[in-house]
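What follows is calculated from the coordinates using simple rules that are stated; it is not laboratory data. Worth saying up front: this structure is predicted, and the values here are computed from it rather than measured. Note: ideal-geometry Cβ built from the backbone for every residue, glycine included; neighbour counts use all protein chains shown.
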Amino acid sequence: MKWFISHETIRSPFLKTLEKDCGEKISHCYQCGKCSAGCPISYQMDYLPNQIIRMVQLGMEEQVLSSKTIWLCASCLTCTSRCPRQINVAEIMDYLRRRAYTKHMTPPGEIEVPLFNKIFLRNIELHGRLFELGLIGMFNLLSGKFFKDVALAPRMFLKRKIGLFPHKINNSKEVKEIFKKSGKLGRARRDKLWQPKLLFLNLSRKLIERIERLK
Ligand code: SF4
Ligand code: SF4
């Protein structure tokens, strides 16, 4: 794909803001590609991690924040440990996810990604570790895909991959405390999950997508 990059884009404050907020010298990246060569998820990404870094250098905020890559990154830190310029690529990916979230930007056709992210975090906050059935149920309900993967449930129950009740963990209060201390951002995530407006938005987008597919 070819892009025309305008002077305004290159001179936008995107790179500087990121460097300041993340504390990472992104401009030091010399595109060796070692981060992408070690990334275990790169085969699923629309842009490789080194390409994301380059796009940040060029001020391409819109393309970066609407990429799948930032949401697929598993925060495994392989890229960070391989970078010869000591750039914490995983931290940058995390920052980009948060920025995309606050700006309501999603990859085209992937409107449920932030919804899944929010439900996942809320699930961990409530139970201290993932309660799979709660995650699946809530995601299906709020995304409007009520019967998604339902056929797989009996097999997963039999193989004990999912349980009817959340697992108990020690010190679950400490996990809640972490979320509490993470402050405004955590609270914003939680509040938005339950907003009827968000639910309505998701369902109407789904409906529009289906109508467009029928055309
Ligand atoms: S490993 Fe570091 S220097 Fe090399 S492309 Fe990735 S971020 Fe840039
Ligand atoms: S932290 Fe993300 S980008 Fe880096 S190697 Fe792991 S999955 Fe890839």
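How long are the three semi-axes of the equivalent ellipsoid for the range 42-100, computed from the Cα gyration tensor as the root of 5 times each eigenvalue, in whole Å, largest first?
Equivalent ellipsoid of the range 42-100: 16, 13, 11 Å, largest first.
What do you get for chymotrypsin sites (Phe, Trp or Tyr not before Pro) in the range 5-61 restricted to DSSP loop and a cutoff of at most 11 other Cβ within 10 Å of the site's Cβ?
In loop regions of the range 5-61 (DSSP not H, G, I, E or B), the sparsely surrounded chymotrypsin sites (Phe, Trp or Tyr not before Pro) are Tyr30.
Test of understanding: what is the full-extension gain from Phe147 to Asn170, defined as 0.36 nm times their sequence separation minus their Cα-Cα distance?
Result: 4.9 nm gained on full extension.
How large is ³J(HN,Hα), in whole Hz, for each residue of the range 99-115 in order, when computed from phi with the Karplus curve 6.51 cos²θ - 1.76 cosθ + 1.60 and θ = phi - 60°, using x for Gly and Pro?
5, 4, 5, 5, 8, 6, 9, 10, x, x, x, 10, 5, 8, 4, x, 4
Could you order the peptides 52-62, 138-148 from most to least packed, using the average number of other C-beta atoms within 10 Å per residue?
Most protected by this proxy first, the peptides run 52-62, 138-148.
Rounded to the nearest 0.05, what FRET efficiency do Ser6 and Arg82 have when you use their Cβ-Cβ distance and R0 = 30 Å?
Efficiency, from the Cβ-Cβ distance: 0.35.
Which entries of Lys118/Lys180; Lys118/Lys159; Lys118/Lys181 show an alpha-carbon separation above 23 angstrom in the structure shown?
Checking Cα-Cα distances, Lys118/Lys159 exceed 23 Å.
Which aspartates and glutamates does Lys173 reach when only Cα atoms under 13 Å apart count, and residues fewer than 8 places away in its own chain are ignored?
Glu125
Loop-only check: which trypsin sites (Lys or Arg not before Pro) in the range 1-40 are DSSP coil with at most 15 other Cβ within 10 angstrom?
Those satisfying the criteria are Lys2, Arg11, Lys25.
What trypsin sites (Lys or Arg not before Pro) does the range 155-184 have in DSSP loop regions with at most 16 other beta carbons within 10 Å?
Listed in order of number, the matching sites are Lys159, Arg160, Lys161, Lys168.
For the range 1-92, report the translational diffusion coefficient in µm²/s to the nearest whole number, using Stokes-Einstein at 10 °C, 1.306 mPa s, and a Kirkwood Rh over Cα pairs.
The calculation lands on 119 µm²/s.
Of Ile52, Leu121, Gln86, whose Cα points farthest to the positive end of the dipole of the range 38-139 (charges on the beta-carbon: +1 Lys, Arg; -1 Asp, Glu; origin at the Cα centre)?
Gln86
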